[in-house]
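Comments concern the structure below.
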Amino acid sequence: MDIRVVIKIHELLKANRAGNSNDISLKLGISVRSVYNYLTFMKTELNAPIAYSHQTKNYCYERECELNFRG
């Protein structure tokens, strides 16, 4: 996992600008499969409350979320 990609996805989710997996893929220049892998990693390993809204077709945080990568 590239922490820089995790941070970029986190920033998109916080700003409510992530879109769907294809949108994220295009914004970050990674494959859709990689997007799914990063989202799964963030949900399972970082306990990020990521959800997908079928109404808005957008990934988002279910509640406020802060990921701290500083030592």
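The values are calculated or read from the model by the stated rules, or taken from the named source; none is laboratory data. This structure is a prediction, so every number in the text was calculated from the model and none was measured. Cβ coordinates were reconstructed from backbone atoms using ideal geometry, including for glycine residues, and neighbour counts include every protein chain displayed. When the accessible area is computed, the model is the full protein with side chains, heavy atoms only, and any ligands, DNA or RNA have been set aside. Shrake-Rupley method; radii C 1.70, N 1.55, O 1.52, S 1.80 Å.
Surface analysis of the range 14-71 yields an accessible area of 70 Å² per residue, using protein heavy atoms and a 1.4 Å probe. Between GLU45 and ARG4, the simple label model (points 7 Å from Cα in the Cβ direction) yields a spacing of 1.7 nm.
When the solvent-accessible area of the chain is split by element, carbon and sulfur atoms take up 46 percent of it, the probe being 1.4 Å. Of the GluC sites (Glu not before Pro) found in the chain, those that fall in a DSSP loop while having at most 16 other beta-carbon atoms within 10 Å are GLU62, GLU64, GLU66.
For the pair SER53 and SER31 in one chain, pulling the backbone fully straight at 0.36 nm per residue adds 5.8 nm over the alpha carbon distance. Both radii were evaluated on the Cα set of the chain; the Rg over Rh quotient, with Rh as the Kirkwood radius, amounts to 0.92.
Phi angles of the range 40-47 translate, via the Karplus equation with coefficients 6.51, -1.76, 1.60 and θ = phi - 60°, into HN-Hα couplings of 5, 4, 4, 5, 7, 8, 9, 6 Hz per residue; Gly and Pro are given as x. Under the criterion of Cα pairs below 8 Å and six or more residues apart, the relative contact order for the chain equals 31 percent.
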